[in-house]
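Report on one structure; see the data block that follows.
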Amino acid sequence: MFTRKDTMPWAFYNLAQNPRTVSIIRNELSPIASRKVPGTGIFEPEETKSLVYLRAALYETLRLYPPAPTERKTVVADDTMPSGHEVRAGDIVLVSVHSIGIMEGMWGKDCLDYNPDRWLSEDGDKLQHVPSHKFMAFNSGPRICPGKEIAIMQMKTVVAAVMWNFDVEVVEGQSIQPKLSCSLQMKNGLRVTVKLKKREI
Ligand code: HEM
């Protein structure tokens, strides 16, 4: 429903400013690339499926910049919310997915920082379980996005190919800001410099 194209500029924006993340992603890709014909540099969805840090890096972008920043729910029957607020049938409840993604009480003091490590388990080689009502970029409950895994798979494939083959730098002096609309796009787009990376494998 929401598109990967809303997320990709934010993902490359985050990655370009976090060389450590790029380096960890390249380390994840390295053993896969070494099994390929030299110079291929393109990764199949199956090959990136198990890459934990690459997924964590994308989740972190989606936490900070959810393409659907607001969820709108209509109350079916009179009820009391867990917070104690009373709602009546027909009321409309707006949920700010964007705010939930950057609440200190949920994500800690560094809630505004881009830090894919927060998604990792204690031993660092798995993703920790984060419930969908906390990470709401794909919605939660029965109407959760059925395209989540397809979206992640496609974004992983694109990020892997770009980050393996190129150095991406954000052009200085641009105004990076979200567009006020129902999807969280970049208002002015993102200008980057892309340099081919010389590789032996
Ligand atoms: C970054 C990519 C994506 C994000 C963040 C995303 C997010 C969402 C969200 C938040 C909803 C709930 C909307 C609502 O009811 O208020 C939704 C619904 C939906 N998404 Fe996605 N989506 C993404 C990609 C995709 C893809 C690639 C597909 C299909 C291959 C897809 C298929 C759907 C469908 C069919 C629904 C409606 C489900 C229903 O009404 O029960 N989405 N998505």
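See the values below:
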| quantity | calculated |
| --- | --- |
| Linear extension gain, Thr193 paired with Lys148, 0.36 nm per residue minus alpha-carbon span | 13.2 nm |
| Sites Ala161 and Lys73, calculated FRET efficiency, Cβ-Cβ separation with R0 35 Å, nearest 0.05 | 0.40 |
| Cα long-axis angle, helix 19-34 against the chain (0 to 90 degrees, to the nearest 10) | 60 degrees |
| Solvent-accessible heavy-atom area per residue, rounded to whole Å², over region 1-61 at 1.4 Å | 49 Å² |
| Solvent-accessible area per residue for region 77-201 (1.4 angstrom probe, square angstrom) | 65 Å² |
| The chain: angle of helix 148-165 to the longest principal axis, Cα-based, in degrees nearest 10 | 30 degrees |
| Surface/4 estimate of mean projected area, convex hull on alpha-carbon atoms of region 62-103, nm² | 3.2 nm² |
| Neighbourhood charge, 12 Å Cβ-Cβ cut-off, centred on Phe166 and excluding it, Lys, Arg +1 and Asp, Glu -1 | +3 |
| Check: the chain dipole with +1 on Lys, Arg Cβ and -1 on Asp, Glu Cβ, in debye | 680 debye |
| Cβ-derived FRET efficiency at R0 45 Å, Ile92 paired with Ser30, nearest 0.05 | 0.35 |
| Mean separation of Cα contacts under 8 Å (6+ apart) over length of the chain, as relative contact order % | 29 percent |
| Kirkwood Rh, angstrom, region 83-150 [1 / mean 1/r, Cα pairs] | 14.4 Å |
| Longest site-free stretch - the chain; sites: GluC sites (Glu not before Pro), DSSP loop, at most 10 other Cβ within 10 Å | 1-121 |
| Rounded D (µm²/s) - the chain, Kirkwood Rh over Cα pairs, Stokes-Einstein at 10 °C, 1.306 mPa s | 86 µm²/s |
| Peptides 156-167, 105-116 ordered by average Cβ neighbours within 10 Å, highest first | 156-167, 105-116 |
| The chain, accessible surface, carbon-and-sulfur percent (1.4 angstrom probe) | 56 percent |
| Label-to-label distance, nm, for residues given as Val171 and Leu127 (7 Å Cα→Cβ offset) | 3.3 nm |
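The values are calculated or read from the model by the stated rules, or taken from the named source; none is laboratory data. Note that the structure is a prediction, hence the values are computed from the model and not measured. When we count neighbours, we look across all protein chains shown, and the Cβ atoms used for this are built from the backbone with ideal geometry, even at glycine. Only protein heavy atoms, including side chains, enter the accessible area calculation; ligands, DNA and RNA are left aside. Shrake-Rupley method; radii C 1.70, N 1.55, O 1.52, S 1.80 Å.
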